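Below is one structure; the comments refer to it alone.
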Amino acid sequence: MPTGETLEFLRNLDRNNNREWFGAHRSEYEAARDDVAGMVAVLIARIAEFDPLLRGTLAPDCLFRIFRDTRFSKDKTPYKTAFGGVLAPGGRKSAIPGYYVQVDAAESFIAGGCYRPEPAGLQAIRTAIAADPQSFSGIVEQPDFIKAFGGLSVGDGKLVNVPRGFAKDHPAAEFLKLKSFIVYRAVSEAELADLDGLVARFRLIKPLNDFLRAALKPK
């Protein structure tokens, strides 16, 4: 599980985000990366017990590189100061709704669902919600789900009006305005080390992922 050394490496990297420092501390980076990869491997195995689609998914395929692409960014610091992993079939390149974990010295968090689907996928999800609003609301308004995540995240923004093609007074109007269908929860260092707690929260995301996967499945 993420150790104090891993988080300390990330804090130090945040203060010394340059190639010279990173090169001198590469062994610390490799130890931190392996530490997080070990956690992700355990999470995959535990999640696969209730979400069989994750069986066979490998931790290295889930983790994002720490090296930033600075070509089109005003921020020219060369490294990310967090480790992030997409726990989904196919790993980080997957378009299948899954789970996410970020180990960050500033604020670690877990998440899940579908982030910024392509236009066709977004339309498919909205259509599925419009066709069965009770099933969708029953998932995202379930008490334990609300307690764990506060409901669906609107951090990615939402439309002002109901999208074209759907009734303005549709009972799921507020859901139809969303651009992403995700949940998010910040976790403390202690919570990050509590794998049973993390897995329990990921289990609450499974029904949401099932709904989204069914909506995105080719008809």
Beyond 30 Å, the calculated P(r) of the range 4-216 holds a percent of Cα-Cα pairs equal to 29
A convex hull over the alpha carbons of the range 1-122 yields, per residue, a volume in Å³ of 118
Going residue by residue through the range 148-165, the Karplus relation 6.51 cos²θ - 1.76 cosθ + 1.60 with θ = phi - 60° gives ³J(HN,Hα) values, rounded to whole Hz and with x marking Gly or Pro, of 7, 10, x, x, 5, 7, 10, x, 8, x, 8, 5, 6, 10, 4, x, 4, x
Which residues qualify? For Tyr79, with a placed amide H closer than 5 Å and at least 5 residues away or on another chain, they are Arg68
In nanometres, the difference between 0.36 nm per residue of separation and the alpha-carbon distance of Glu28 and Asp14 is 3.6 nm
Listed by chain and number, the lysines with an alpha carbon less than 26 angstrom from that of Lys147, same-chain partners under 8 positions apart left out, are Lys158, Lys177, Lys179, Lys206
Karplus-derived 3J(HN,Hα) from phi for the range 64-77 (6.51 cos²θ - 1.76 cosθ + 1.60, θ = phi - 60°), whole Hz, x at Gly and Pro, runs 7, 5, 7, 7, 7, 8, 9, 4, 10, 10, 6, 7, 9, 5
Cα-Cα pairs in the range 86-195 separated by more than 16 Å, as a whole percent of all pairs, come to 64
Under the helix-only model (-39500 (n - 2.57) for each DSSP H run of 4 or more, divided by the residues of the chain), the mean residue ellipticity at 222 nm, to 500 deg cm²/dmol, is -14000 deg cm²/dmol
Measuring from its Cα centre, the chain shows a charge dipole (+1 at each Lys and Arg Cβ, -1 at each Asp and Glu Cβ) which, in debye to the nearest 20, is 1060
Expected vector for the range 8-23, Karplus 3J(HN,Hα) from phi with 6.51, -1.76, 1.60 and θ = phi - 60°, integer Hz, x for Gly and Pro, equals 5, 4, 5, 5, 5, 5, 4, 7, 9, 7, 8, 5, 5, 5, 4, x
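Laboratory data are not the source of any read-out in this text; all were calculated from the coordinates shown. For clarity, every value in this text was computed on a predicted model and none was experimentally measured. So basically every Cβ, Gly included, is an ideal-geometry build from the backbone, and we count neighbours across all protein chains shown.
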